[in-house]
1. Go through region 146-183 and give me each residue that's among the aliphatic types (A, V, I, L, M), within 15 Å of the chain's Cα centre (by Cα) and over 25 Å from V116 (Cβ atoms).
2. Output the residue which, of all residues in region 145-178 that are charged (D, E, K, R) and part of a helix (DSSP H, G or I), is surrounded by the most Cβ atoms within 10 Å (Cβ to Cβ).
3. If you scan region 179-198, which residues turn out to be in contact (Cβ under 8 Å) with a residue 12 or more places away in the chain and assigned to a helix (DSSP H, G or I)?
4. Cβ-Cβ distance below 8 Å, separation of 6 or more or different chains: which pairs start in region 17-39 with a residue that is acidic (D, E) and end on one that is crowded, with 16+ Cβ neighbours inside 10 Å?
5. Check off (1) in contact with an Asp or Glu (Cβ under 8 Å, 6 or more places away or on another chain); (2) touching a residue at least 24 places away in the same chain (Cβ under 8 Å) for K168 and give me the number that stays unchecked.
6. In region 12-28, what residues are surrounded by 13 or more Cβ atoms within 10 Å (Cβ to Cβ) and within 20 Å of A56 (Cα to Cα)?
Amino acid sequence: MEEIGLPYTIIPVNIGAGDQFKPEFLKVSPNNRIPAIVDHKPADGGAPISIFESGAILLYLAEKTGKLIPQDLRQRTQVLEWLFWQMAGLGPMAGQNHHFSTYAPEKIEYAINRYVNETGRLYGVLNKQLADREFVAGDYSIADIAAYPWIVPHERQSQNLEDFPHVKRWFEAIKARPATIRAYEKAEALKTEALDPDKSRNLLFNQSAKTIQP
């Protein structure tokens, strides 16, 4: 939102306190996950549109504004490839890395090694892609915006950016963008006090089909 320049209002959802299960949020995000948005001024002039899943949100906003996604068929296809690469690979694998390395109640060596190594492989894929270009798909795009937040906690993922010089250069360039700086400053201002860790862990990691079924 900072990059495309549209006005917006942030509505915090404290997932450690269970806000994601409130009925008003589930109307916007039926998968009880963040992020989610509501566009009160859609391009067709109709009723507000709610969108969940970060990839869908990024694509929706890019298409709405005509920014951060190329119109050329081949360039657009490449942006979409790398957007889905993040959604299907970097995000899920880094997320499992975080879980087994940091949050799991017991340290399972096989799981930790599996996801640390796979995260490293994906860093290598990204590093190779960035060897001859400034950004993931040429010009700065939603593909870069999707991937960047998953590289921010690289140390927690047991990854050393010195091993991936092209990723490091790309990472520092995005980190220095004015829109990135503004966004992270706003996020910092929204931080709340830590809740009971056992309660939060139960809310975040012990959900099942029974949580969803009426």
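What follows draws every value from the coordinates through simple rules; no lab data is involved. Worth saying up front: this structure is predicted, and the values here are computed from it rather than measured. Ideal geometry is used to build each Cβ from the backbone, glycine not excepted, and the neighbour counts take in all protein chains shown.
1. Selection gives A183 alone.
2. Looking at the filtered set, the residue picked out is K168.
3. A179, T180, R182, A183, K186
4. Note: pairs meeting the criteria are D19/V13; D19/F25; D39/I51; D39/Y60.
5. In the conditions (1) in contact with an Asp or Glu (Cβ under 8 Å, 6 or more places away or on another chain); (2) touching a residue at least 24 places away in the same chain (Cβ under 8 Å), K168 misses (2) alone.
6. Once the filter is applied, which keeps residues that are surrounded by 13 or more Cβ atoms within 10 Å (Cβ to Cβ) and within 20 Å of A56 (Cα to Cα), region 12-28 yields V13, Q20, F25, L26, V28.
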